[in-house]
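The values are calculated or read from the model by the stated rules, or taken from the named source; none is laboratory data. For clarity, every value in this text was computed on a predicted model and none was experimentally measured. Here the Cβ is made from the backbone with ideal geometry for all residues, glycine too, and neighbour counts use every protein chain on show. Side chains are part of the model used for accessible areas, which takes the heavy atoms of the whole protein and leaves out ligands, DNA and RNA. Shrake-Rupley method; radii C 1.70, N 1.55, O 1.52, S 1.80 Å.
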Amino acid sequence: MSEVYDIFVVGGGINGCGIARDAAGRGYSVCLAEMNDLGSGTSSWSTKLIHGGLRYLEHYEFRLVREALIEREVLLKMAPHIIWPLRFVLPHHKGMRPAWLLRLGLFLYDHLGGRKILPATRVLDLRSDAAGGPLKDQFTKAFEYSDCWVNDARLVVLNAMDAKAKGAEIFTRTKVVSAKKAGDLWEIDLQSTDTGATRRVSARLIINAGGPWVDDILRTSMGENQARNVRLVQGSHIVVRKKFAHPKAYFFQNSDERIFFAIPYEQDYTLIGTTDQDFQGDPCDVKISDQEIAYLCAGASEYFKEPVTRDDIVWTYSGVRPLYDDGASKAQEATRDYVLRTDGAAGPKVINIFGGKITTYRRLAESMLAKVEEAIGRKGAPWTKASVLPGGEFGVSGYSGLLSKVCSDYPFLERPHSERLVRSYGLKALEILGESKSQADLGEDFGHGLTEAEVRYLIKNEWAQTAADVVWRRSKLGIRFTPEQTERLDTFMREHKQLQNFAAE
């Protein structure tokens, strides 16, 4: 007999994990399978922003912008450790959008979403404000507005942790081999990509949250050979040595009418992106192109006094956005809104997700649960709007107090180490540090403050299995790690896994 769940979720990105959390909290039995690591696809290759989408106003997507603006503060209160306010500087470029249009857009941006926590837009004189220092002298006026920064991959993992705490089963590195209808149920065959072991589960409903692979899942697992619903759009970023010292970000306009950002990143760097171009091929193999590098360097050099060159680049990353194919002629004009579609005239249903963005993942989950209720009946009521993710129970204004407590209770830690732990784990940092009285009590240091205590916590609580899981998704330390440090961490994690397997036998 296979296990029977109310809901089976395919895909462990932000949408899949957000839905699993919401559904489990309402009392549905939930199983989620992710073929790789949590958040290893589109969800970890974003521009790291919780934002309303200022440029979407030009495409008249007022509902999407309003929903996103409202969600900024909902998510800020939900996860104040991994989401925090960020001010954006939009220089007025006389050859592009006129000042009156920028003023109008920002007026709407300030008022569409019922902003209460984040400060309002203001006008800057770049000749005297610190934000003008790194920019060319031709830029004398700018508008400054609010959005939020997010640690994207950690947002995924925290949703999965809370889903598990509420009863969901989360299987990583588990591929859906097939899904077949059997009366009123789906029979779903799963295979571990690590061991090859197989298992079968049953579910009353499947939610296809495969992101860029959503059509592939329909074709290979469910036999819908003609599935063509998403437009794959590549977005690439470059990370360069720090271009400015102040804590604000820049919103730049390009001559092709696109926009891109320059954002403070991991204390010592500046993140610049993103691009928008249609993508053909396997989303697993997406890489930044020479043309994209040239595009971002040229665009940033249009604004910064000190040009951005290829020699400045310390890291690049690319992701594929699974946008709903609405027939737009240009990739940048394709809607960022999400579409939920229920398929299956007879027997059990599958609900597919096309599109979406990190900022609206929670609202997407609520919309999905409304469709779940139509398909298999109602259980609990919506609950996530006033909820808090694991570690974030200290409140929007409580970061400084929590940091002070960690610094006081663990004086042997260097302040940057304490800051990283609080920004990554919130109150869970105290769980990692435990009763330690010295740096030695935290075990081996794999580099840059990543200790054995933290790695063991990640293995036990956050599904981390490889060095890449730890240094690129659970943290952003990969940008600092040497190949030798990464290999040592991988060796430790393999040995830990072997000991676990031995103990289980």
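Here are the numbers:
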read-out	value
Extension gain (nm, one decimal) between LYS136 and PHE412, 0.36 nm per residue minus Cα-Cα	95.0 nm
In Å², nearest 10: area of ILE288 left accessible to a 1.4 Å probe	30
Label-zone membership for the stretch 374-407, site ASP445, 7 angstrom Cα→C-beta point, backbone N under 18 Å	407
Sequence-distant lysines (8 or more away, or on other chains) whose Cα lies within less than 20 Å of LYS287	LYS48, LYS476
Electrostatic dipole magnitude of the chain [Cβ: Lys, Arg +1; Asp, Glu -1; Cα centre; debye, to 20]	1280
Spacing of the two label points (7 Å from each Cα toward its C-beta) at TYR60 and GLU419, in nm	4.6
Förster radius 41 Å - calculated FRET efficiency between LYS385 and ARG127 (Cβ-Cβ, nearest 0.05)	0.40
Summed residue charge, Cβ within 13 Å of MET493's Cβ, Lys/Arg positive, Asp/Glu negative	-4
Size of electric dipole in the stretch 142-215: Cβ of Lys, Arg +1 and of Asp, Glu -1, about Cα centre, debye, nearest 20	480
Whole-percent carbon and sulfur share, accessible surface of the chain, 1.4 Å	51
The stretch 1-58, relative contact order [Cα under 8 Å, separation at least 6], %	35
Euclidean distance of C-alpha centroids, the stretch 75-123 and the stretch 145-212, integer Å	35
Gain on full stretching of the segment that runs from TRP315 to VAL4 - 0.36 nm per residue minus C-alpha separation	107.5 nm
Answer label for Kirkwood radius over Cα pairs in Å (calculated), chosen among (1) 23.8; (2) 29.9; (3) 24.4	(1)
Relative contact order for the chain, counting Cα pairs under 8 Å that sit 6 or more residues apart, in percent	19
Cα gyration tensor, the stretch 433-505 - rounded (a/c under 1.5), prolate or oblate	oblate
Separation in nanometres of the label points that stand 7 Å from Cα toward Cβ, at HIS111 and ALA294	4.5
Hits among aspartates and glutamates - C-alpha to C-alpha of LYS180 under 16 Å, sequence gap 8 or more where chains match	GLU3, ASP6, ASP189, ASP216, GLU224, ASP343
GluC sites (Glu not before Pro) restricted to the stretch 339-427 and DSSP loop, no more than 15 other C-beta within 10 Å	GLU393, GLU414
Heavy-atom SASA rank of ASP147, ASP325 (probe 1.4 Å, accessible area, largest first)	ASP325, ASP147
Sites matching trypsin sites (Lys or Arg not before Pro) across the stretch 409-505 that sit in DSSP coil, with at most 14 neighbouring C-beta atoms within 10 Å	LYS437
Sites ASP189 and ASP343, calculated FRET efficiency, Cβ-Cβ separation with R0 22 Å, nearest 0.05	0.65
Neighbour net charge for ARG415 - beta-carbon separation under 14 angstrom, K R +1, D E -1	0
